[in-house]
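Just so it is clear, none of the values below were taken in a lab; they were calculated from the coordinates. It should be emphasised that the depicted structure is a prediction, and the values quoted were computed from it without experimental measurement. No Cβ is skipped: glycine too gets one built from the backbone with ideal geometry, and neighbour counts run over all protein chains shown.
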Amino acid sequence: MKKILITVVWALLVGGIGSLFVFANKKQSNETCRTLKVKIEYQNAETLINESYIVKLITREGIRIKGQPLKHIPIAEIQQLLTKNPYIKKSSVRIGVDCIVNVFVEQRIPLVKVMPAEGVPFYLDTEGAIMPLSPGFPVRVMVASGLIRTRTSVKKEYSAGTHPEPFKMLTPDLQKVYVAASALNKQDFTRALAEQLYINTQGELELIPKIGEQIILLGDTTRLTEKIENLNTFYTRGMDAEGWSNYRSISLKYRNQVICTKTTQNGSI
């Protein structure tokens with residue numbers, strides 16, 4: 001008898017709580033939205049979008065939020081709109097108990113600015129997603145140029161960030177740029193040193209440093225960690241002894257070697 005009584009009490013409690021939730025949700029759906037709040041997580045990256053951009057993105061689609069009945073606000077439509085945006089990695093849209101529509105956005109991190117052989121410049125982010133340049137927010141990142149072949153219209157690829165692995169959607173040249181830029185960006189030394197990546201007529205990668213006039217030949221994208229370590233060793237040891245102005249090129253193409261061309265004579269280190 002005692003067990004039956006406990007079961008009945010629990011059933012009444014669960015039913016009562018459920019009824020309260022239904023009542024609360026029904027009451028809230030009849031309320032009007034007080035305002036829209038936007039929070040952006042930049043992940044320590046430079047700014048590509050701001051709160052005003054998100055608000056305009058929503059209102060341009062004819063979606064009204066403030067002062068509208070909560071039940072008429074198209075949450076799913078807003079979520080889909082944000083998901084398709086090339087600058088946004090993740091997003092969520094929720095209605096709070098205070099009748100405020102809360103939008104959370106995680107911005108993508110620009111890795112490299114690509115100047116293709118043909119077409120308009122764009123960014124690659126740290127996952128390999130393509131992003132258009134942001135007119136209102138110029139970003140200081142590594143530049144990639146030279147014989148970089150892209151597809152006919154890069155604009156069609158801006159939404160490729162919705163792919164779980166955007167890197168796999170890139171052309172071979174862009175994959176080469178992405179892999180090299182990612183490796184260079186991981187090391188404090190090369191992140192500070194690298195000014196520009198260049199794909200030459202042989203399809204090889206060259207690195208143009210911020211300091212000095214040397215061209216650093218990386219070759220292909222194999223053994224990049226080893227190449228970067230060799231470069232670091234050369235800059236911290238060999239370069240100090242010889243001086244910046246004595247070298248015209250530095251080749252890291254070959255395993256365990258740093259081959260240099262001097263401005264006056266050839267030599268290897």
Among 56-64, 212-220, 129-137, how do they line up from the highest to the lowest mean number of other beta-carbon atoms within 10 Å? 212-220, 129-137, 56-64
Everything considered on the Cα gyration tensor (a ≥ b ≥ c; rounded for a/c under 1.5, else prolate if a/b is larger than b/c, else oblate), the stretch 60-122 must be described as prolate
Using the Kirkwood formula over every pair of different C-alpha atoms, what hydrodynamic radius in Å results for the stretch 74-159? 14.5
